[in-house]
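Written below as structure tokens is the structure these notes are about.
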Amino acid sequence: MEPLLLYPDPPPPELAQALDFAGYPWKAVSDEASVERLEPDDGWAGAVVCADVDPEAAFSLCRSVRKRDLPLAPLLLLVSGAQLPDLELRDELFDDFCLSPFHPRELEARLKHLFWRTGQGTRPELVEYSGLVLNLETYQAAIDGQPLDLTYMEYELLKFLASHPGKVFTRETLLSRVWGYEYYGGARTVDVHIRRLRAKLGEEHAGLIQTVRSVGYRFGQSRWGL
Amino acid sequence: MAPMERHQDYVLRTVEERGVRLIRLWFTDVLGQLKSVAISPAELENAFEEGMHFDGSAIDGFSRVQESDVLARPDPNTFELLPWNRGDDVSARMFCDILSHDGTPFEGDPRQVLKRNLDKAHERGFQFMVAPEMEFFYFSSGDASKPLEPLDTGGYFDLTTTDAASDLRKRTIAMLEAMGIPVEYSFHEDAPSQHEIDLRYSDALSMADNVMTFRLVVREIALEQGAYATFMPKPLEGVQGSGMHTHMSLFEGDTNAFHEPGDPYGLSKVAYGFIAGVLRHAPELTAVTNQLVNSYKRLIAGYEAPTYVTWARNNRSALVRIPVTKAGKQSSTRIEFRSPDPACNPYLAFSVLLAAGLKGIEEGYELPPEAAANVFELTPEERAAEQIGSLPQSLSDALDAMERSELVAETLGEHIFEWFLRNKRAEWLAYKSQVTPFELSRYLPNL
């Protein structure tokens, strides 16, 4: 699945995390110019736009992506309760909206429904990398056809890493994206879980997760072998 | 979905997908024994939402005067498929928090005691990291009426039997790793048939859960192969006993709060305060880290176990040792507390060690000078001059010290503190009333 457009950049952390958990890839944009610049080859899969911080800029961005030859859809708008009157006469700018602060479950359900209605690809079913397969529907993981017995956080960490092969993540990033900011354990939690994952992957596959000295961790190689 | 719901959802789906038949809900009594209630997948959702009712009156340290019903609520983050008995009978485990009827944490639950103390550390910005070295013996059987037969000797060919024991250890490590408990080192210890497996550091709550799992896995694998594994602190006279040397550090976010580059020992003020805290309170907390009559037969001179309250860098008779950290490995800066034994309740032991360390940091305790020589070689007068104190000599001494300790009472909570003292006094009394073979052989011929 191509990534969703996310506005603004950086997006609110709870939004980024909710999309990660729901298995939607995304890219954040800061303005109309970067919508074009960052657009994936096959186009944006859809968009989630937060209008609760800077409504003017957000609505202007919506207008520009809806005016293209092929209007960007589906588009989910996040607004605060006080902004509900602003939606009037702007119906063409969005396909659905969600009240902010949002409930992650509601956001996920609305996106799922939007994708169902527009008949576009829903969220990816599988994450694959060499012998590793993660089924996002059933939460199951296997390597070389052998099921891996993972705890939930091990599964989420592996899913996150395997969805971004070749990319180096700092401990802080992993902690905020996989565990969420309020998490208790601190950045060392990441190290502990990486070791647990390596132990479960077994000697043969432990090398899939590499330690990048004084930076963080990287899973496998990027698809372009960079 | 909220994080907790996702955790639960993950567990429910995995149970369904993997055909799990039984879910074992694990919890720990005050003495550190693992308890288990098995439920079927159909009951799981309810267990998450409401908890499972059970009668706590039969559990050591759980009973109360008014009501004995408690609730066990599984922690979905600890869900693991059990790697043994695979085949038709797929089962999984989760550790539980024990709640009172009104949903508040039950004060007799050791896991909640540790959680409460970790919360306190967290409020001060610290994460408590722990790595224990687990020592144990393999014997040919656990029958106490017969003389103990170590697996390494006892009539077999040495080569074969040495292999048998290391094969046991290898199988154990494979099983631990499959359960997400990474192993740092493992080796044959000094005594015959004694082995050591060192666990990789983790946050203290996961580590206490790991220690409980570890003891079960070691014993299960041994039984499977017709042998017997024991964590009894001193099963054999005249050789080393089994310890649980505990490596500890505090982290503030990504940095090791024990590390200070300019210091001659590489230690920070926080580290010195922590060491001073565990040293000053060591006699009071020893009943918790060494809770058996038998524990004190290990804490004697000559077997690499500590008996005096000292600290040092490279002196293995010291109570607190500062392991040398390699250059560039600052994050592994830590202290090693050497008195605990593997028969302790890890939740309570980690709790009292953390509380003592934090107290030292907070009150700015001054650290006594490093023990230079081998403390065992000093005369009592020299020790007195250097103000070197002793660890309790017996369970009875340790209980006396604990009873006077405000720190331990506060750390464990009134319920566990009182129950523990009562239970252990009874154990001491039962021991004291025995007439031992030692007394008969020593006194009878001449008196």
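No value in this document is a laboratory result; all are computed from the given coordinates. All values derive from a computational prediction rather than experimental measurement. Cβ placement follows ideal geometry from the backbone for every residue including glycine, while neighbour counts extend to all protein chains displayed.
Quick notes on this one:
- On the principal axes of its alpha-carbon atoms, the range B:239-300 has extents of 42, 24, 23 Å, going from largest to smallest.
- Size descriptor, Kirkwood hydrodynamic radius, that averages inverse alpha-carbon separations across the range B:22-64, Å: 11.3
- Phi to ³J(HN,Hα) by Karplus 6.51 cos²θ - 1.76 cosθ + 1.60 over the range B:255-267, Hz, x for Gly, Pro: 10, 7, 6, 8, 9, 9, x, x, 6, x, 9, x, 10
- Separation between Cα centres of the range B:390-408 and the range A:157-174, rounded to whole Å: 49
- In straight-distance terms, cross-link reach from B:Lys359 covers every one of the aspartates and glutamates whose alpha-carbon lies under 13 Å from its own, apart from those fewer than eight places away in the same chain; here that gives B:Glu406, B:Glu410.
- Of all aspartates and glutamates in the structure, those lying under 15 Å Cα to Cα from B:Lys424, and not within fewer than 8 positions of it along the same chain, are B:Asp29, B:Asp60, B:Glu284, B:Asp397, B:Asp400, B:Glu403.
- Across the range A:201-217, computed HN-Hα scalar couplings (Karplus, 6.51 cos²θ - 1.76 cosθ + 1.60, θ = phi - 60°) run 5, x, 3, 4, 10, 4, x, 4, 9, 9, 8, 9, 3, 6, 10, x, 10 Hz from first to last residue, x flagging Gly and Pro.
- Angle in degrees between helix A:152-163 and the longest Cα principal axis of chain A, rounded to the nearest 10: 70
- Principal semi-axes in Å for the range A:4-118 [√(5λ), Cα gyration tensor, largest first]: 18, 17, 14
- Here chain B is described by how far its Cα atoms reach on the three principal axes: 67, 55, 52 Å, from widest to narrowest.
- One equal scatterer on each Cα of the range B:158-273, no solvent, Debye formula: the resulting log10 I(q)/I(0) at q = 0.15, 0.19, 0.20 Å⁻¹ is -0.79, -1.05, -1.12.
- Of B:Lys35/B:Lys234; B:Lys120/B:Lys269; A:Lys112/A:Lys159; B:Lys35/B:Lys432, pairs whose Cα-Cα distance is over 26 Å: B:Lys35/B:Lys432
- Antiparallel bridges, percent of DSSP beta bridges restricted to chain A (to nearest 5): 55
- Calculated on the alpha-carbon coordinates, the convex hull of the range B:3-102 measures out at 100 cubic angstrom per residue.
- Placing +1 on the Cβ of every Lys and Arg and -1 on the Cβ of every Asp and Glu, with nothing else charged, gives chain B a dipole about its Cα centre of roughly 620 debye.
- Where trypsin sites (Lys or Arg not before Pro) fall in DSSP loop in the range A:50-116, at most 14 other Cβ within 10 Å: A:Lys67, A:Arg68, A:Arg90
- Chain A: angle of helix A:104-118 to the longest principal axis, Cα-based, in degrees nearest 10: 70
- Considering only alpha-carbon pairs that sit under 8 angstrom and 6 or more positions apart, the relative contact order computed for chain A is 15 percent.
- Taken over the range A:126-219, the alpha-carbon convex hull comes to 91 cubic angstrom per residue.
- Here's the picture: charge each Lys and Arg Cβ at +1 and each Asp and Glu Cβ at -1 in the range A:126-219, and of A:Thr173, A:Leu161, A:Thr151 the one pushed furthest to the positive end of that dipole is A:Thr173.
- In chain A, the longest principal axis of the Cα atoms and the axis of helix A:13-22 are about 70 degrees apart.
- Of B:Pro110, B:Pro380, B:Pro340, the one that fluctuates the most in a GNM where chain B has Cα springs shorter than 10 Å: B:Pro380
- Close amide-amide hydrogen proximity is noted between B:Leu267 and B:Glu260, each under 5 Å apart and 5 or more residues distant or on a separate chain (H modeled in the peptide plane; Pro and chain starts excluded).
- Here the relative contact order of chain B, from alpha carbon pairs under 8 Å that lie six or more residues apart, stands at 14 percent.
- Sorted into 10 angstrom bins from 0, the C-alpha pair distances of the protein assembly as shown split as 3, 13, 22, 23, 18, 11, 6, 3, 1, 0, 0, 0 percent.
- For chain B, excluding the exposed loop sites themselves (chymotrypsin sites (Phe, Trp or Tyr not before Pro), DSSP loop, at most 16 other Cβ atoms within 10 Å), the longest remaining stretch covers B:266-447.
- Of B:Thr379, A:Ala187, A:Gly46, farthest towards positive along the dipole that unit charges on Lys, Arg, Asp, Glu beta carbons give the protein assembly as shown: B:Thr379
- Taken about its Cα centre, the protein assembly as shown carries a charge dipole of about 1160 debye when Lys and Arg each add +1 at the Cβ and Asp and Glu each add -1 at the Cβ.
- Amide H contacts under 5 Å for A:Cys50, placed H, 5+ residues apart: A:Tyr7, A:Leu78
- Eigen-decomposition of the gyration tensor built on the alpha-carbon atoms of chain A gives equivalent ellipsoid semi-axes of 34, 18, 16 angstrom, largest listed first.
- For A:Leu148, nonlocal amide neighbours, meaning residues 5 or more places apart or on other chains whose placed amide H falls under 5 Å from its own, are A:Ala141, A:Ala142, A:Ile143.
- For A:Glu154, B:Glu189, B:Glu17, order by how many other beta-carbon atoms lie within 10 Å, fewest first: B:Glu17, B:Glu189, A:Glu154
- A convex hull fitted around the alpha carbon atoms of the range A:1-70 yields 79 Å³ per residue.
- For the range B:281-289, 3J(HN,Hα) per residue [Karplus equation, 6.51 cos²θ - 1.76 cosθ + 1.60, θ = phi - 60°, Hz, x = Gly/Pro]: 9, 3, x, 6, 9, 5, 4, 7, 7
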